[in-house]
Amino acid sequence: MQELKHEIRAIYTDSTVTVYQAYTPAIGLPAAKSGRFPSSWKRERMTWIKPSFLWMMYRCGWGTKEGQEVVLAVEITREGLEWALEHACLAHYEAGLHRDQEAWKNELRKAPARVQWDPERDLDLHPLGYRSLQLGLAGEATRRYADEWIVSITDVTELAHTIHEHVRNRDLEAARQLLPVERPYPVADSLLAHLRH
């Protein structure tokens, strides 16, 4: 079986990249209104960010799952994303990439970020033949994310619901027209070498 390709695809500008998260209204609505997470947002918990809109839809059920009713597009600095990748550890042990299980566990314990490559999704949320980045932030990375990296936060729940409605009605072309246009993100191979298996 051919190895699945690991590539970051995202909406990005010269200085920013957009990632997605989904929250309860108590967190998501004030975050979108002020452009910052409210005090009820737990900095000590790991938070996962996803550059793939459709993977976020898979995770939050188009904004219908309990606790994930508000879908946010969070624009962060490219420097922030690249800092997280540089300091991340793969979320699972991979022979050939890690010296041994113990070395991987030690690395994972110390790393402020972790990476999973999960199958990208189509409009029906079925898995595709390539993988998409999920980036978990903890400790220092969470603090940097909340305090330094965020440029803007936009509530895209209505967009998610509209696309979902088109999919349910099998008007896939209308759904496709509304999808955020994600392109391969230009990142140095050296930045991902320790995260690709």
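The set of residues from the range 172-183 being surrounded by fewer than 10 Cβ atoms within 10 Å (Cβ to Cβ) and either in contact with a strand residue (DSSP E or B) (Cβ under 8 Å, 6 or more places away or on another chain) or part of a loop (DSSP other than H, G, I, E, B) (or both) comprises just one member, Val181.
Whenever a residue of the range 151-171 is more than 11 Å from Val71 (Cβ to Cβ) and open to solvent by 20 Å² or more (accessible area, probe 1.4 Å), its partners that are of a type in the set (A, V, I, L, M) and part of a helix (DSSP H, G or I), lying with C-beta atoms within less than 6 angstrom and at least six residues away or across chains, give the pairs His166/Ala174; His166/Ala175. Quick check: is even one residue across the range 45-58 open to solvent by 70 Å² or more (accessible area, probe 1.4 Å), farther than 15 Å from Ala146 by Cβ and not in a strand (DSSP E or B)? Yes, the conditions are met somewhere in the range 45-58.
When residues in the range 59-68 are screened for being closer than 12 Å to Leu125 by Cβ and crowded, with 19+ Cβ neighbours inside 10 Å, 3 of them pass.
Does the range 96-117 contain any residue that is under 22 Å from Ala32 (Cβ atoms) and either within 14 Å of the chain's Cα centre (by Cα) or free of Cβ contacts under 8 Å to residues at least 40 places away in the same chain (or both)? No, the range 96-117 has no match at all. For the range 51-91, what are the residues that are small (Gly, Ala, Ser) and closer than 25 Å to Ala26 by Cα? Selection gives Ser52, Gly61, Gly63, Gly67, Ala73. With the condition kept exactly as written, say whether any residue in the range 184-196 is hydroxyl-bearing (Ser, Thr, Tyr) and within 19 Å of the chain's Cα centre (by Cα). For the range 184-196, residues hydroxyl-bearing (Ser, Thr, Tyr) and within 19 Å of the chain's Cα centre (by Cα): present. Glu102 fulfils the conditions (1) modelled with pLDDT of 95 or more; (2) open to solvent by 10 Å² or more (accessible area, probe 1.4 Å); (3) not hydrophobic (A, V, I, L, M, F, W, C) except for a single criterion, (1). Would it be correct to say that Leu135 is open to solvent by less than 60 Å² (accessible area, probe 1.4 Å), among the aliphatic types (A, V, I, L, M) and closer than 17 Å to Ala193 by Cβ? Yes: the conditions hold for Leu135.
Could you tell me whether Gly28 is under 16 Å from Tyr145 (Cβ atoms) and either open to solvent by 30 Å² or more (accessible area, probe 1.4 Å) or touching a Leu at 6+ places or on another chain (Cβ under 8 Å) (or both)? Judged against the criteria, Gly28 is a match.
Within the range 172-187, the only residue that satisfies the criterion of being of a type in the set (Asp, Glu) and in contact (Cβ under 8 Å) with a residue 40 or more places away in the chain is Glu182. Among (1) within 28 Å of Gly35 (Cβ to Cβ); (2) in a helix (DSSP H, G or I); (3) open to solvent by 70 Å² or more (accessible area, probe 1.4 Å); (4) not charged (D, E, K, R), there is one condition Ser190 misses while meeting the rest; what is its number? All conditions pass for Ser190, except number (1).
The values are calculated or read from the model by the stated rules, or taken from the named source; none is laboratory data. Just so it is clear, the model here is predicted, and its values are computed rather than measured. All Cβ positions, glycine included, derive from the backbone under ideal geometry; neighbour counts span all protein chains shown. Areas reflect the complete protein model, heavy atoms only, side chains present, ligands, DNA and RNA absent. Shrake-Rupley method; radii C 1.70, N 1.55, O 1.52, S 1.80 Å.
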